[in-house]
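The values are calculated or read from the model by the stated rules, or taken from the named source; none is laboratory data. Note that the structure is predicted; figures quoted are calculated from it, not measured. Here the Cβ is made from the backbone with ideal geometry for all residues, glycine too, and neighbour counts use every protein chain on show.
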Ligand SMILES: [Zn+2]
């Protein structure tokens, strides 16, 4: 199914998948529109467009939302466990730091990518594809090497 954001007649717009389907596709690292193409080019960089349906995925700016939701989720999973361990065994602070800091870092790194995929899918469903204010994508000017004075 080709991406249809450029169509002018609303009756001709291609139906997008249900929000749950789009979120799951994004969380799996697949194009939220078709579920076939890859969403990421690397760990967190989005592909410019879907290789299957040509949805302009690279224009979607998730900004700080994925880290926010990652911290929210990982914090709510681990902080109660930290409190339970502290209350039950009173381990020394160095042991808390040796266990919890790496665990927070590892879980955050594991959660960040699927959460970013889901956020991008959510933004697509909301129509926040980077063109909502008529913004044109302009490639930055190439950097010039400093000249000798
Ligand atoms: Zn696609």
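Among the residues making up the range 26-43, those that are out of contact with any helix residue (DSSP H, G or I) (no Cβ under 6 Å at 6 or more places or on another chain), assigned to a loop (DSSP other than H, G, I, E, B) and either more than 24 Å from residue 104 (Cβ to Cβ) or in contact (Cβ under 8 Å) with a residue 24 or more places away in the chain (or both) are 28, 31, 33, 34, 36, 37, 41, 43.
Within the range 1-42, being under 19 Å from residue 59 (Cα atoms), within 13 Å of the ligand (Cβ to nearest atom) and modelled with pLDDT under 60 holds for one residue alone: 5.
Taking the criterion of being within 13 Å of residue 116 (Cβ to Cβ) and loosely packed, with under 15 Cβ neighbours inside 10 Å, the residues of the range 40-66 that qualify are 41, 42, 43, 44, 45, 61, 63, 64. Checked against the criterion of being at pLDDT 80 or above, farther than 13 Å from residue 46 by Cα and assigned to a loop (DSSP other than H, G, I, E, B), the range 112-127 has at least one qualifying residue.
When residue 70 is tested against (1) farther than 19 Å from residue 30 by Cβ; (2) surrounded by fewer than 18 Cβ atoms within 10 Å (Cβ to Cβ), just one condition goes unmet, and that condition is (2). Yes or no: the range 55-71 includes at least one residue that is without any contact (Cβ under 8 Å) to a residue 60 or more places away in the chain, part of a helix (DSSP H, G or I), within 16 Å of the ligand (Cβ to nearest atom) and closer than 13 Å to residue 124 by Cβ. Yes: the range 55-71 contains one or more residues that are without any contact (Cβ under 8 Å) to a residue 60 or more places away in the chain, part of a helix (DSSP H, G or I), within 16 Å of the ligand (Cβ to nearest atom) and closer than 13 Å to residue 124 by Cβ.
Please work out if residue 84 is surrounded by 11 or more Cβ atoms within 10 Å (Cβ to Cβ) and either in a helix (DSSP H, G or I) or at positive phi (or both).
Details: surrounded by 11 or more Cβ atoms within 10 Å (Cβ to Cβ): no; either in a helix (DSSP H, G or I) or at positive phi (or both): yes.
In short, no.
Taking the stated definitions as given, is residue 102 outside any helix (DSSP H, G or I), surrounded by 10 or more Cβ atoms within 10 Å (Cβ to Cβ) and modelled with pLDDT of 95 or more? No.
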